[in-house]
Structures are given as structure tokens and as C-alpha cells.
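Contents: one structure, followed by commentary.
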Amino acid sequence: MSDPSPQTTADSYRQTLSELADLVGDEGHTSNARRRGRLVEELEANRLALQQSPEGLAGIAVLLDDPRPAVRLWSAGHSLFSDEPRARSTLVEIRDSPGRYGLHSIIAKHTLLEYDAGRLAADTRLPGA
């Protein structure tokens, strides 16, 4: 069996992230932690595969403009090492609006803190994930 194409993996990443965004809403809260955990595992596997090629990285970065905060948060965290200016801008916007984004704001804050301190690697999960 061959590895899935970057486009297939990007489609899976996008679909999983969409399901996660639907589950956690605009503020990051969920009553189904098990489902959230399964979605995060699937998202992480897709992200690690996508980070292996420029096409895959572009498939993540295109989601930085999504209207849903969870999609922007996760794609920005996953884009810090490949498109730092855009990713940082997205994370700062979410971080600086805690009343609007709730838990997403906290994850954005800690992602930036860990990245700036050099403790976040390209292949590790976002803080709080």
C-alpha cells in the first residue's frame, strides 16, 4: 500500500480540523474530551505528514484565513516554523482576544510563549493540546 498523496493528506487534515472546530466552537470548550482527543491524534498524524513537503505546508497555511477560530489557531500553531510572520499574527490576534476566544486564547498564548522560548519543536503538539 502506498502513502497517501499530499493532497489526500491535506484534505484529511482540513476535514479533521473542521470536525474539531465544530466540536469545540469559538471558545474552545467541549463536553466530549474523548472525541476531541481522537481528533487531535488524527490531526497530529496528518500534520506530521504534511510538514514533509512544501505542498503539505501550503495545505496547512491556506487555513490561516479560515473564519473559525479553532481552525486558525491550529493551522497557525502548525505553521510557525514554515510561515512564522503569518502564523504569529494569527496567534497574536487570538491571544489578545480572550473574551471572544476563551480557551483558544490561552492555547495561543502558551504556543507563542513556548515558541519564543525555544521549547516548541516543529514536530510537537501545541501546548494544551
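Residue-wise HN-Hα couplings along segment 103-116, as the Karplus relation 6.51 cos²θ - 1.76 cosθ + 1.60 with θ = phi - 60° gives them from phi, are 5, 4, 5, 5, 5, 4, 4, 6, 5, 5, 4, 5, 5, 5 Hz; Gly and Pro carry x.
Working from Cα pairs under 8 Å separated by at least six residues, relative contact order for segment 24-129 is 25 percent.
Remark: spin-label model distance residue 53-residue 22 equals 2.7 nm, labels positioned 7 Å along the Cα→Cβ axis.
The trypsin sites (Lys or Arg not before Pro) of segment 39-129 meeting both criteria, a DSSP state outside H, G, I, E and B (loop) and at most 10 other C-beta atoms within 10 angstrom of the site's C-beta, are 119. In summary, segment 6-116 shows an alpha-carbon radius of gyration equal to 0.98 times the 2.2 N^0.38 Å reference for compact globular proteins. The fewest-to-most ranking of 123, 83 by surrounding Cβ atoms within 10 Å reads 123, 83.
Computed from the coordinates by the stated procedures, all read-outs in this text should not be read as laboratory data. Quick caveat: nothing in here was measured; it's all calculated off a predicted structure. Positions of Cβ are generated from backbone atoms using ideal geometry, with glycine treated the same way; all protein chains shown enter the neighbour counts.
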